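Written out below as structure tokens is the structure these notes cover.
The values are calculated or read from the model by the stated rules, or taken from the named source; none is laboratory data. Since the structure is predicted, the reported quantities are computational estimates derived from the model, not experimental observations. Every residue, glycine as well, gets a Cβ built from its backbone with ideal geometry; the counts of neighbours run over all protein chains shown. Just so you know, the surface numbers come from the protein's heavy atoms only, side chains and all, with ligands and any DNA or RNA stripped out. Shrake-Rupley method; radii C 1.70, N 1.55, O 1.52, S 1.80 Å.
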Amino acid sequence: MTTKTDVLIIGAGAAGLMCAATAGYRGKSVTVVDMGKKPGRKILISGGGRCNFTNENASPENYLCQNPHFVKSCLSRYSAQDFIELVDRHGLEYHHKTLGQLFCNDSAQDIVDILMTECDWAGVNIALRSEVLSIEKNTDGYLVKTSGDSYQCASLVVASGGLTMPKLGATPIGYKIAEQFGLNIFPTTAALVPFTLHDHDKQRFDGLSGISVDCLVSSESGVIFRENILFTHRGLSGPAILQISSFWQAGQSITINLLPDSPIAELVSEWRQNSPQKSLKNLLATVLPKRLVESMVNHKEITDKAVNQLSNDEVTYLGQYLHQWQIKPNGTEGYRTAEVTLGGVDTDELSSKTFEAKKAAGLYFIGEVTDVTGWLGGYNFQYAWSCGVACGQAV
Ligand code: FDA
């Protein structure tokens, strides 16, 4: 059976649902197809189940894209404040965490419920368990065959997401459609993802799992984030590591300042005055996790002696070591645990106002499938809302 609809949207995720409601309110007949059993599956697991649904400070600087200007238009037309007004209208209870991040008080399900209510009010039809199998362009627009029905639409919106979390239904369909219509695609890679370590570092960090430290972490390209790092039994994670992973390339090192607020030279001089006989190990354990300090001493990376016996060279070395701790990751955990996919459909192929492909009238790409990747902290959902609205106003 072939169903006619003005707009067909592939993907009932953040971008697809937002686009659907916006187009539906404009009087368009809209159908969203998704291969999953439920809509918004990534929203449900996001933010540890509480969905970091936006960031109050979201601006173009928080996004990686080959064309840094691309997101300006949609972010200014539908900002974090606009999404906050939407959730306020629905009575969502939420809280501010650090760095402008907003989270649901109760559950990420509340965000999915808001989007589904909006879609319902806008008269959107949602067809779940419908995997897209093929697309054909014809004189009336696009014919889309799914594992359920077939659809004939004037406007086809690809909101099928990236490659992260294949067990939640990530497929390369969006890139395949872009390829089918001759659009350029930038190579994709996992981002906002934990690092794995080489064997020698795994041995060094054995026993540190669970330790979290507030650090400054920098990439070889000079990008710096101040947040926590977390030692895990697989490698390194935590917000600062996830952030820097988006700027890391295989073979590169990252540099970690373990004491961003306390220059070691000042600390040592204070310790030399106040507790000259105390061991460096015990004093460092007052400013860093004890297990981490013990591990550094046990692996002979730092010396342990009374602070008044440290030579100036030893203090200089200690400063270099703790303020510029270098680690060369072995790799990342990949798409299995990554939050987002870096790369994707080249935004130069799309209108930044409507998200329509310049080479294929009536075909649109929004959300993670495009070459736009936000930092950690609610930026990725904000992009999904902003581009969803921009596209929904145009289809
Ligand atoms: P999304 O992936 O949400 O939706 C795509 C949809 O397309 C899916 O429902 C999929 O089933 C469907 N689909 C794919 N192929 C198909 C096919 N062949 N046929 C039919 N349907 C198909 N961001 C943020 O801002 N704050 C946060 O707290 C988090 N937290 C977070 C945690 C974890 C664990 C992950 C993995 C990710 C996050 N993110 C996040 C990132 C955020 O989830 C992501 O940026 C958005 O979900 C992207 O929205 P999209 O709508 O583009 O794709």
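Brief remarks follow.
- All conditions in (1) in contact (Cβ under 8 Å) with a residue 12 or more places away in the chain; (2) touching a Phe, Trp or Tyr at 6+ places or on another chain (Cβ under 9 Å) hold for Val132, with the sole exception of (2).
- Qualifying helices (runs of 4 or more DSSP H) (wholly inside the stretch 255-358; at least 1 residues being touching a Lys or Arg at 6+ places or on another chain (Cβ under 8 Å)): 264-274, 280-284, 290-298
- Gly362 being on the phi > 0 side of the Ramachandran plot and within 16 Å of the ligand (Cβ to nearest atom): no
- Odd one out for Leu230 among (1) assigned to a strand (DSSP E or B); (2) in contact (Cβ under 8 Å) with a residue 60 or more places away in the chain: (2)
- Condition met for Gly210 (open to solvent by 40 Å² or more (accessible area, probe 1.4 Å) and assigned by TED's automatic domain parsing to the domain that holds Cys65): no
- Residue within the stretch 126-134 that is surrounded by 14 or more Cβ atoms within 10 Å (Cβ to Cβ) and more than 10 Å from the ligand (Cβ to nearest atom) present: yes
- Among the residues examined, Glu220 qualifies as among the charged types (D, E, K, R) and open to solvent by 50 Å² or more (accessible area, probe 1.4 Å).
- Reported count of residues in the stretch 83-132, each being modelled with pLDDT under 95 and either in the same structural domain as Arg226 (by TED's automatic domain parsing) or not charged (D, E, K, R) (or both), is 2.
- Qualifying residue in the stretch 343-352 (condition: touching a Pro at 6+ places or on another chain (Cβ under 7 Å) and within 16 Å of the ligand (Cβ to nearest atom)): yes
- Residues in the stretch 282-296 that are free of Cβ contacts under 8 Å to residues at least 40 places away in the same chain and surrounded by fewer than 17 Cβ atoms within 10 Å (Cβ to Cβ): Asn282, Ala285, Thr286, Val287, Lys290, Glu294.
- Looking across the stretch 79-125, just one residue is crowded, with 18+ Cβ neighbours inside 10 Å, more than 24 Å from the chain's Cα centre (by Cα) and among the β-branched types (Val, Ile, Thr), and that is Val124.
- Residue within the stretch 371-391 that is of a type in the set (Gly, Ala, Ser), more than 23 Å from Ala178 (Cα to Cα) and surrounded by fewer than 24 Cβ atoms within 10 Å (Cβ to Cβ) present: no
- Some residue of the stretch 159-169 being open to solvent by less than 40 Å² (accessible area, probe 1.4 Å), among the hydroxyl-bearing types (Ser, Thr, Tyr) and away from the ligand (no atom under 11 Å from the Cβ): no
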